[in-house]
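Just below is one structure, and these are the notes that go with it.
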Amino acid sequence: KGLQEESSDSEVENEAKGDLLPKKPAWVDEDDEAEENVDMTHKYRKDFMKSDAETTLTKKKLKKRLEEQFQQAMGGVPAWADLENRKKSKRTLSDSDSDEDDDLLCRTGNYITSSESLPRGILKMSTCLPANQERFANGKLVTVQFHPSAQVVMTAGHDRSVSLFQVDGIRNPKIQSIYLESFPIYKARFSMDGEQVIATGTHHSMFFVYDMMAGSIIPIPKVRGVEEKFLRNFELSPDGSFMLLIGTSGYLHLLSMKTKELISTMKVNGRCTASAFTPDSSKIYSYSKEGEVFIWDVRSRKCLHKFEDEGSLEGKCIAVSKNNQYVACGSSSGVVNLYTTDTCLKENRPKPVKAIMNLVTSATCVTFNPTTEILAVASRDTDEAVKLVHLPSYTVFSNFPVFRRKQIYLTQSMDFSPRSGYFSVANNKGKALLFR
């Protein structure tokens, strides 16, 4: 350690003085000193002979000969090979550039510097072991979600289980699993404080609350005032105070998150297929089967505005970005329209800033990453139908999913970790795929 410190300090000082010391060899080998002759008649070396008399050459002479040959081919000494020249140019370079090469070679660690914004085109990513490696689900995995504050991911599926895993990208050890008897799960979500998991079933009017702090599973049998045969799709408000149940025939039931009791019911024209809260929890965007989006004020439960989603035959999914800048609407044709929120609030027929045409089957899932730099769009109707869209250039990252290698299959659910380090995709094979 002392040596290391000494060398790095002295190097820095010398560099500051501008008189670069010639580099010493790392070690000296006695065998190198011995004058060794090289057989020049070998087929690889024949071309370097200048006359038939040169059947052998010393290593030094051969090195010189190779250098001459190379310079002849290159038309002189290239700049990178001219040490004297490099030292001169190094001194003239500004300090910020000067220590680049040698500094890079002296240390291990991360070479990638963080830029202000995510570049477009190619996404630097690697595939990790699946998040639920230690307990794959049996059949469809309907939900994958990262915990809002801990390094934990939750999966839930048709095999009636909710599992929690610690995310380290290496082993992803299982924390625990709970099993809900005869209750295939339709959707599960962490509460905003991260202390509960809410799970609805595929064919039930009740739902479960799993209290992680107390370790208890609380059934919520029937919500008074909610006349629904099945409770399936729901959303939780980002401020942690509301739960929105998306009912049949266009009914939206707003529940108190604390008591799980009904506060109010709203209704859209037609049938509501998806809803999303704005990041400040003040508004709800509801997407109807007929392709209309209704914007509700949470406090007064009044409809503030409605607009038509351009070209939508049938609404499927909707998401609002975390910075409240964009709204993404996915329809049955596979088109995902991306709008800016201010046009949605003002116009009846807003123009999308981008229509994402990459999916050819129904768009069933849209998710923004926490920094609003990526929009993930997916369809559960074909294999590998996931695309990551770069914002604000609205271009798709070309290297995801990996071409010619099936690994995703049918996407059921997607989520980004709170700091965007991980992206997970739940598929119909019971796996929560994890990408760094």
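Could you list, ordered by first residue, the pairs with Cβ atoms under 6 Å in which the first is in region 176-194 and among the acidic types (Asp, Glu) and the second is open to solvent by 10 Å² or more (accessible area, probe 1.4 Å) and not in a strand (DSSP E or B), at least 6 apart or interchain?
That search, which allows pairs on different chains as well, returns Asp193/Gly240.
Pick out the one residue from Ser161, Ser205, Ser216, Ser237 that is touching a residue at least 40 places away in the same chain (Cβ under 8 Å) and of a type in the set (Ser, Thr, Tyr).
Result: Ser237 is the single residue among Ser161, Ser205, Ser216, Ser237 that is touching a residue at least 40 places away in the same chain (Cβ under 8 Å) and of a type in the set (Ser, Thr, Tyr).
What is the one condition in (1) assigned to a loop (DSSP other than H, G, I, E, B); (2) open to solvent by 10 Å² or more (accessible area, probe 1.4 Å); (3) not aliphatic (A, V, I, L, M) that Arg189 does not satisfy?
The one condition Arg189 does not meet is (1).
Give me the residue from region 44-73 that is open to solvent by less than 70 Å² (accessible area, probe 1.4 Å) and in a strand (DSSP E or B) and, out of that set, nearest to Ala34 (Cα to Cα).
Per the criteria, the residue is Thr58.
Rundown of residues vs (1) at pLDDT 90 or above; (2) closer than 26 Å to Ser282 by Cα; (3) among the hydrophobic types (A, V, I, L, M, F, W, C); (4) within 31 Å of the chain's Cα centre (by Cα), yes/no style:
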| residue | (1), (2), (3), (4) |
| --- | --- |
| Phe207 | yes, yes, yes, yes |
| Met213 | no, no, yes, yes |
| Pro221 | yes, no, no, no |
| Val226 | yes, yes, yes, no |
| Leu231 | yes, yes, yes, yes |
| Phe234 | yes, yes, yes, yes |
| Ser237 | yes, yes, no, yes |
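Considering only residues that are open to solvent by 90 Å² or more (accessible area, probe 1.4 Å) and outside any loop (DSSP other than H, G, I, E, B), look in region 33-43 and name the one that is farthest from Gln72 (Cα to Cα).
If we take residues in region 33-43 being open to solvent by 90 Å² or more (accessible area, probe 1.4 Å) and outside any loop (DSSP other than H, G, I, E, B), then Glu33 is farthest from Gln72 (Cα to Cα).
If I ask for residues that are of a type outside the set (Phe, Trp, Tyr), open to solvent by less than 40 Å² (accessible area, probe 1.4 Å) and either closer than 12 Å to Met125 by Cβ or modelled with pLDDT of 95 or more (or both), which ones from region 399-409 would you list?
Once the filter is applied, which keeps residues that are of a type outside the set (Phe, Trp, Tyr), open to solvent by less than 40 Å² (accessible area, probe 1.4 Å) and either closer than 12 Å to Met125 by Cβ or modelled with pLDDT of 95 or more (or both), region 399-409 yields only Pro401.
Restricting attention to region 241-278, which residues are surrounded by 17 or more Cβ atoms within 10 Å (Cβ to Cβ) and not aliphatic (A, V, I, L, M)?
Phe242, Gly247, Gly250, Tyr251, His253, Cys272, Thr273, Ser275, Phe277, Thr278
I'm told Leu391 meets every condition in (1) open to solvent by 40 Å² or more (accessible area, probe 1.4 Å); (2) modelled with pLDDT under 95; (3) hydrophobic (A, V, I, L, M, F, W, C) except one. Can you identify the failing condition by its number?
(1)
So if I check each of Ala156, Ala150, which one is at pLDDT 95 or above and over 16 Å from the mean Cα position of the chain (by Cα)?
Of Ala156, Ala150, the one residue that is at pLDDT 95 or above and over 16 Å from the mean Cα position of the chain (by Cα) is Ala156.
Scan Ser282, Ser288, Ser300 and give me the residue that is over 13 Å from Val327 (Cα atoms) and open to solvent by 40 Å² or more (accessible area, probe 1.4 Å).
Ser300
May I ask you to list the residues in region 118-147 that are within 14 Å of the chain's Cα centre (by Cα), open to solvent by 70 Å² or more (accessible area, probe 1.4 Å) and of a type outside the set (Val, Ile, Thr)?
Pro119, Arg120, Lys124, listed by residue number.
Against the condition part of a loop (DSSP other than H, G, I, E, B), under 26 Å from Pro279 (Cα atoms), in contact (Cβ under 8 Å) with a residue 24 or more places away in the chain and not acidic (Asp, Glu), how does Ala199 come out, does it pass?
no
Consider region 324-342. How many of its residues are small (Gly, Ala, Ser) and under 13 Å from Val389 (Cα atoms)?
Of the residues in that region, 1 qualify.
The values are calculated or read from the model by the stated rules, or taken from the named source; none is laboratory data. Quick caveat, the model's predicted, so the values are computed rather than measured. Glycine gets a Cβ as well: all are built from the backbone with ideal geometry, and neighbour counts include every protein chain shown. Protein only, heavy atoms only, side chains kept; ligands, DNA and RNA dropped before computing areas. Shrake-Rupley method; radii C 1.70, N 1.55, O 1.52, S 1.80 Å.
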